[in-house]
Each structure stands twice: as C-alpha cells, then as structure tokens.
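To keep things clear, I will list the structure first and then write my remarks on it.
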Amino acid sequence: MKKITILFAIIALAISLQAQNVLKTYTFKDSANKSIQMQTMDGGIYIPTYKNKVVLLAFFGKNCPPCRAEIPGFVKLQKELGKKFQIVAVHVQQKMSEPELKNFISMHHINYPIIPATNKAFELVNFVASRTGWGGQIPFSLLLDKQGNVVNTYLGMQSEETLTKAINSIK
C-alpha cells in the first residue's frame, strides 16, 4: 500500500512540475527602460522580476476609454498594495513613440511599469489569447499568484473592490 501511495505522489509531483515547464522566456524593456523578464508556462506567466508578488498583467490601449478609466484605480492599488503586489501593463494598440509614452504616463500619474507595443509584446498577447480564449478586447487582465499561475482573468474594466478582494485572497 505504501508503495502505491509513494508512486501516486511521485506521479502527481511529476505532472505538476511538467505543467509548469517554461515554454518561452521574454525580456521586455518597460517605460522606464528597466528589464522585465517573463516566462510563459502552461498554467500562466511567471515574472521573476517580481518574485514573491501577486501580479496583475493588464493589457490596455491608450485610445481605449475603459482602459484609461481603470488607470486611477490601478495607481491606487499599486500604491496601497505595492509590498505584495505589482501591476505590469502591456500596451497593445498602435505603437507610441517614447515621448508619447512618457507623456501618457505623466498625464495619468502611472506608478507601475508599462511594456510598449512591440512585436515581442504581441507574441505575448498571442500566447495569452491561445491559453485563455481571449479575443483581443481590452481592457483584459490576468491575475497571477506568486508562482505565475493564472488565478483569474478579467475582461473589461474592473473595480478596485473586485481586484482588492481577489489580490488579498491569494496567499
């Protein structure tokens, strides 16, 4: 009986390790020219740059009214929960020049990194779409636990309350 239990434990461990195999590693330069590394996995996206933090990976566009409306809440969440939480935004509409991006960040008082629209960012978008069934509508966000597993997906604008409850429920 013990041998069967041990065998099942080994199989379960192997399956869980296999499920978290890194599929691809990306290194992005954010709006402050800092590197953000992301590793795509079957169960999500691990962001070693923010290890030990819950991450909201938010896909947005500068010309999207609900995306812009979400920003003040994101700024507040980042300020209040920043010790255990990090927002990373990925711009998915037409590319902005560096001065346009800096102006957008300044105008909206953004306190979290933004990954500009690039071919590499669109590869990440395609990965997320293939795993979640996301059709490209924005805003769209993934809430990732500290291991990078997708805890929840959000299509459309989300309230601070909804996000705060979800973030605080993750251990």
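So, of the residues in the stretch 60-110 that are charged (D, E, K, R) and in a loop (DSSP other than H, G, I, E, B), which turns out to be surrounded by the fewest Cβ atoms within 10 Å (Cβ to Cβ)?
Lys83
Across the stretch 35-58, what is the total count of residues that are modelled with pLDDT under 95 and in a loop (DSSP other than H, G, I, E, B)?
Number satisfying all stated conditions: 4.
Residue by residue through the stretch 149-165, note down the ones that are outside any strand (DSSP E or B) and either within 16 Å of the chain's Cα centre (by Cα) or not basic (Lys, Arg) (or both).
Gly156, Met157, Gln158, Ser159, Glu160, Glu161, Thr162, Leu163, Thr164
Taking the stretch 118-134, which residues are without any contact (Cβ under 8 Å) to a residue 40 or more places away in the chain, assigned to a helix (DSSP H, G or I) and either at positive phi or of a type in the set (A, V, I, L, M, F, W, C) (or both)?
Phe122, Ala129
If you take the residues in the stretch 66-108 that are farther than 18 Å from Lys34 by Cα and polar (S, T, N, Q), which one is modelled with the highest pLDDT?
Gln93
Do we have any residue at all in the stretch 78-89 that's within 15 Å of Leu124 (Cβ to Cβ) and touching a strand residue (DSSP E or B) at 6+ places or on another chain (Cβ under 6 Å)?
Checking the stretch 78-89: at least one residue is within 15 Å of Leu124 (Cβ to Cβ) and touching a strand residue (DSSP E or B) at 6+ places or on another chain (Cβ under 6 Å).
The values are calculated or read from the model by the stated rules, or taken from the named source; none is laboratory data. No experiment lies behind these values; they were computed from the predicted model shown. In this analysis, Cβ positions are derived from the backbone assuming ideal geometry, glycine residues included, and neighbour counts consider all displayed protein chains.
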